[in-house]
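Here's the structure we're looking at; comments come further down.
The values are calculated or read from the model by the stated rules, or taken from the named source; none is laboratory data. Not measured: the values here are computed from a predicted model. Heads up, the Cβs are rebuilt from the backbone with ideal geometry, glycines too, and the neighbour counts pull from every protein chain shown.
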Amino acid sequence: MLEIKNLTVSIGDRKILDGLNLTVQDGEVAAIMGPNGTGKSTLSYVIAGKPGYTVEGGEVLLDGENILGLGPDERAGKGVFLAFQYPVEIPGVATMTFLKAALNAQRRQRGEEELTTPVFMKKVREASKLLDIKDEILRRALNVGFSGGEKKRMDILQMALLEPNTAILDETDSGLDIDAIRIVSEGVNKLRTAKRSFLLITHYQRLLDYIVPDTVHVMARGKIVRTGGKDLALELEKNGYRDFAATPEAA
């Protein structure tokens, strides 16, 4: 379970998150929606441990443990996964080499033995088949020359291999056409379990047509200002965010 209590975060003299409270239960799919500049991506980065942010107060509890004092690798070892809005291209790094290094690094963090090459290859084949990922993608450099949909699908493959208990998708629908959104969403839905929770950050209802959330939270002015069921997303699609003003300096 992910619990965020009274989280206040700034960059320099700019306050971005202002006493934010949020709980995501095991197995829950929670969507966060809200106007631009209200701190949605900042929230995802702070949970994952991206440097550059000052936590002025509050807690981020994962199964009761405050993870704010842990490094990004330690948080990943405890089951936190972040799919970025814009996955990075890494020329010269083979996709399979990256996947094996990431998986074994996480296993070392957990005190587990590294996977041998045959066992690793079997896991990749099984996950790729589940997500309908072709071998041709796996033979290329990581994300280099990939379409937007291929990059996002690679994120989902990483998630399948790392088996997180808390997966954060930061505007994973950004820049994707309808077909790509459907394909990526199908991959996410296949990875839903009673123990794995998802935090979906999005501007648009269209993603939630494919990944149906249990709860929808509206974020504005650096905090959660309204919570409801999936129908809340439909209301926002109809009325927009005119009733929720973002602070102009937030990111």
message: Can you report the number of residues in the range 175-222 which are farther than 25 Å from residue 3 by Cα, surrounded by fewer than 16 Cβ atoms within 10 Å (Cβ to Cβ) and of a type in the set (Gly, Ala, Ser)?
response: 1
- prompt: Just wondering, is there one or more residues in the range 103-124 that are free of Cβ contacts under 8 Å to residues at least 24 places away in the same chain, under 21 Å from the mean Cα position of the chain (by Cα) and surrounded by 13 or more Cβ atoms within 10 Å (Cβ to Cβ)?
  reply: yes
- request: Return the total of residues in the range 163-177 being out of contact with any helix residue (DSSP H, G or I) (no Cβ under 6 Å at 6 or more places or on another chain) and under 21 Å from residue 103 (Cα atoms).
  value: 5
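Could you identify the single residue in 120, 146 that is of a type in the set (Phe, Trp, Tyr) and at pLDDT 95 or above?
Result of the check over 120, 146: 120.
Restricting to the range 214-246, count the residues that are over 16 Å from residue 23 (Cβ atoms) and assigned to a loop (DSSP other than H, G, I, E, B). Let's see the steps before the verdict.
In the first step, residues of the range 214-246 are kept if they are over 16 Å from residue 23 (Cβ atoms); the result is 220-222, 230-246.
With assigned to a loop (DSSP other than H, G, I, E, B) added as a condition, the list becomes 221-222, 230, 240-246.
Final tally of qualifying residues: 10.
Tell me, which residue of the range 40-57 that is in a loop (DSSP other than H, G, I, E, B) and of a type outside the set (Ser, Thr, Tyr) is farthest from the chain's Cα centre (by Cα)? Break it down into steps so the answer makes sense when it comes.
First pass over the range 40-57, keeping only residues in a loop (DSSP other than H, G, I, E, B): 49-53.
Filter again for of a type outside the set (Ser, Thr, Tyr), leaving 49-52.
Details: 49: 12, 50: 13, 51: 17, 52: 19 Å.
Only one residue fits best here, namely 52.
For (1) of a type in the set (D, E, K, R); (2) in contact with a helix residue (DSSP H, G or I) (Cβ under 8 Å, 6 or more places away or on another chain); (3) buried (at least 20 other Cβ atoms within 10 Å of the Cβ), each residue gets a yes or a no:
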{"site": "43", "(1), (2), (3)": "no, no, yes"}
{"site": "56", "(1), (2), (3)": "yes, no, no"}
{"site": "71", "(1), (2), (3)": "no, no, no"}
{"site": "76", "(1), (2), (3)": "no, yes, yes"}
{"site": "90", "(1), (2), (3)": "no, yes, no"}
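Look at residue 100 and say whether it is in contact with a Ser or Thr (Cβ under 9 Å, 6 or more places away or on another chain), farther than 22 Å from residue 169 by Cβ and either modelled with pLDDT of 95 or more or of a type outside the set (Val, Ile, Thr) (or both).
On the way: in contact with a Ser or Thr (Cβ under 9 Å, 6 or more places away or on another chain): yes; farther than 22 Å from residue 169 by Cβ: yes; either modelled with pLDDT of 95 or more or of a type outside the set (Val, Ile, Thr) (or both): yes.
Yes.
Within the range 139-198, take every residue that is among the small types (Gly, Ala, Ser) and within 12 Å of the chain's Cα centre (by Cα) and give me the one that is nearest to residue 30 (Cα to Cα).
Of the residues in the range 139-198, the ones among the small types (Gly, Ala, Ser) are 141, 145, 147-149, 160, 167, 174-175, 180, 185, 187, 194, 197.
Next, from what is left, pick out any that are within 12 Å of the chain's Cα centre (by Cα): 167, 197.
Numbers: 167: 11, 197: 8 Å.
The selected residue is 197.
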Filter result for residue 115 (part of a helix (DSSP H, G or I), in contact with a helix residue (DSSP H, G or I) (Cβ under 9 Å, 6 or more places away or on another chain) and at pLDDT 90 or above): no
field: Yes/no for residue 60 being assigned to a strand (DSSP E or B) and either at pLDDT 95 or above or within 18 Å of the chain's Cα centre (by Cα) (or both)
entry: yes
Output for the range 175-201, where each listed residue is assigned to a loop (DSSP other than H, G, I, E, B) and modelled with pLDDT under 90: 175, 176, 177
- prompt: Could we say that residue 139 is of a type in the set (D, E, K, R) and under 30 Å from residue 8 (Cβ atoms) here?
  reply: no
query: Can we say residue 37 is in a loop (DSSP other than H, G, I, E, B) and modelled with pLDDT under 95?
result: yes
